[in-house]
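Structure, as structure tokens:
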Amino acid sequence: MKKVLVTGGAGFIGSSFVLMLRKNRKYGVVNLDCLNYASNLMNLESLEGDPHYHFIKGGIEDAAVVRSVLERHRPAGVVNFAAETHVDRSIDSPDGFIRTNVMGTFQLLEETRLYLEKLPAAERDEFRFLHVSTDEVYGTLGPGDPAFTEKTRFAPNSPYAASKAASDHLVRAYHHTYGFPVLTTNCSNNYGPMQFPEKLIPLMVLNAMEGKALPVYGDGSNIRDWLYVEDHCEAIELVLEKGRVGETYNIGGRCERANLDIVTAICNCLDEILPGSPFRPHRSLIEFVKDRPGHDWRYAIDCSKIEAELGWRPRETLETGLLKTVKWYLNNRKWVESIKSGEYKQWIERQYGARV
Ligand code: DAU
């Protein structure tokens, strides 16, 4: 069975991808994850005892670890999810973003390039390095602007977005300079089960369930394009198998919504599922708080390239995806309690203490 090295495979999107690959039984998986605050091995508990799944604790910025994993497991491809991803944290302390997203991607590229040089030609020809990135590299849109295409000029606005843009450029340069077999995907806002509750949707679900304030930045008019995580993972697998080397593919949910509409939809969902909740109507918990500095107003992805070339379409609508997500958080209290440790509590106090 072909093996894929998945980096950041204990994070939200990475672990969904690992579970999907093992469910389909097409690939073995080597998961290299540094186990930072947003990683969670509970996401992967169902893989215990799976002989085609290996976990290694380590960061992509550690060249020696990357080298030994590549040499020991001889993967047929790398899918790079490993990244610091939360915009608010990048505003609070950007240094880790540069270390992981820029230096880490560089080390991973460089070690993989050296590994590839030693492979027999047939294996080298089949090898792929897929870099998972974000639509935030394109900057922000106004109300009437066309959605981001793969040709939209990069204009990253937050330290997070700038660090991902730098990593995308490195990936592109490795292809141009060394003929390194790269693929890049730029996705819109993901949501679904197992997302760390610092991001909008899980934060609002958990706060609303517990009757806490729902902190909407600014006036809540900012727009995001919501993509269900499993739809995203299916797109990544397709790009890995059928994407054209050196190309970039945008992946979006074709689902633009204002933040206030998303929060209201979550509240309505909870009102319905929890008719006996003392916090109904949950929308009464909404509070408008100080805006994020440099807050991008709108993201929207034009995903016609991946639709036309690879035949991908998102399966979930926001309504079906949100319902699944809310139910997952309600039914997985053990997971929820496990992440509400000291670090999460400290972040929430630091981030929202002065805002609300
Ligand atoms: O577009 C893809 C990107 O989406 C990913 O690359 C990033 O990793 C991911 O964090 C996300 O960035 P956003 O900044 O759009 O996601 P976040 O969930 O932090 O916020 C979504 C929107 O909700 C944004 O306009 C800010 C707003 N927001 C967020 C939080 C956490 C609030 O109004 N209140 C909040 O408490």
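Side notes on the structure shown:
- Ranked by how many other beta carbons lie within 10 Å on average, peptides 326-336, 180-190 from highest: 180-190, 326-336
- Principal-axis analysis of the Cα atoms of the chain puts helix 318-331 at an angle of about 80° to the longest axis.
- A straight chain from Ser93 to Arg74 at 0.36 nm per residue would run longer than the Cα-Cα distance by 3.3 nm.
- Charge dipole (Cα centre; +1 on Lys/Arg Cβ, -1 on Asp/Glu Cβ; no other charges) of the chain amounts to roughly 460 debye.
- Loop-resident trypsin sites (Lys or Arg not before Pro) (DSSP state other than H, G, I, E or B) in the range 95-198 with no more than 15 further Cβ atoms inside 10 Å of their Cβ: Lys118, Lys151, Arg153.
- For the range 191-223, the residues whose amide N sits under 17 Å from a probe point set 7 Å from the Cα of Lys324 along the beta carbon direction are 191-196, 201-202.
- Full-stretch length increase - Leu310, Glu45 - with 0.36 nm per residue and alpha-carbon distance subtracted: 92.2 nm
- Compared with the dominant principal axis of the Cα atoms in the chain, helix 259-273 is inclined by about 70°.
- Based on C-alpha pairs under 8 angstrom that are at least 6 apart in sequence, the range 123-195 has a relative contact order of 45 percent.
- Which of Pro193, Asn207, Ala173, positive extreme of dipole for the range 164-223 (C-beta unit charges): Ala173
- Within the chain, helix-based [θ] at 222 nm, where runs of 4 or more DSSP H residues each add -39,500 (n - 2.57), nearest 500: -12500 deg cm²/dmol
- Filtered trypsin sites (Lys or Arg not before Pro), the range 1-66: DSSP coil and at most 14 other beta carbons within 10 Å: Lys2, Arg25, Lys26
- The mean sequence separation of alpha-carbon pairs under 8 Å and at least six residues apart, normalised by the residue count of the chain, gives a relative contact order of 16 percent.
- The range 99-138-the range 295-356 distance, computed between alpha-carbon centres (Å): 27 Å
- Spin-label pair Glu117/Val289, simplified geometry with 7 Å Cα→Cβ offset, distance in nm: 5.0 nm
- Dipole in debye (nearest 20) - the range 1-89, about Cα centre, beta carbon charges: Lys, Arg +1; Asp, Glu -1: 520 debye
- Mean Cα-pair separation over length for the range 145-252, i.e. relative contact order, pairs under 8 Å, 6 or more apart, %: 39 percent
- Qualifying lysines (Cα of each under 29 Å from Cα of Lys345; at least 8 residues distant if same chain): Lys57, Lys164, Lys199, Lys212, Lys290, Lys324, Lys327, Lys334
- Carbon-plus-sulfur accessible fraction, the chain (probe radius 1.4 Å, protein heavy atoms only): 52%.
- Note on exposure: Ile98, Ile201 ranked by accessible area (1.4 Å probe, complete protein assembly) read Ile98, Ile201, with the most exposed listed first.
- Overall shape: oblate for the range 264-311, with the ratio a/c of the largest to smallest alpha carbon gyration tensor axis at 1.5 or above and b/c at least equal to a/b.
- Rounded to the nearest 20, the Cβ-based charge dipole of the range 10-165 about its Cα centre (Lys and Arg +1, Asp and Glu -1) stands at 440 debye.
- Accessible area per residue in Å² at 1.4 Å probe, computed on the range 29-176: 44 Å²
- In order along the range 122-138, the phi-based Karplus estimate (6.51 cos²θ - 1.76 cosθ + 1.60, θ = phi - 60°) of 3J(HN,Hα) comes to 5, 5, 5, 5, 7, 5, 9, 10, 9, 9, 8, 10, 10, 6, 5, 5, 7 Hz; Gly and Pro are listed as x.
- Max mean-square fluctuation residue, GNM over the chain, Cα-Cα springs under 10 Å, options Gly49, Gly243, Gly96: Gly49
- Helix 159-178 vs. the chain, principal-axis angle (Cα, 0 to 90°, nearest 10): 20 degrees
- Of Glu256, Glu287, Glu117, the one that fluctuates the most in a GNM where the chain has Cα springs shorter than 10 Å: Glu117
- Summing charges over neighbours of Pro193, with a neighbour being any other residue whose Cβ is under 11 Å away from its Cβ, gives +1 when K and R count +1 and D and E count -1.
The values are calculated or read from the model by the stated rules, or taken from the named source; none is laboratory data. Quick caveat: nothing in here was measured; it's all calculated off a predicted structure. Quick reminder, even Gly has a Cβ in these numbers, built from the backbone with ideal geometry, and neighbours come from all protein chains shown. Please note that ligands, DNA and RNA were not included when accessible areas were found on the heavy atoms of the full protein model with its side chains. Shrake-Rupley method; radii C 1.70, N 1.55, O 1.52, S 1.80 Å.
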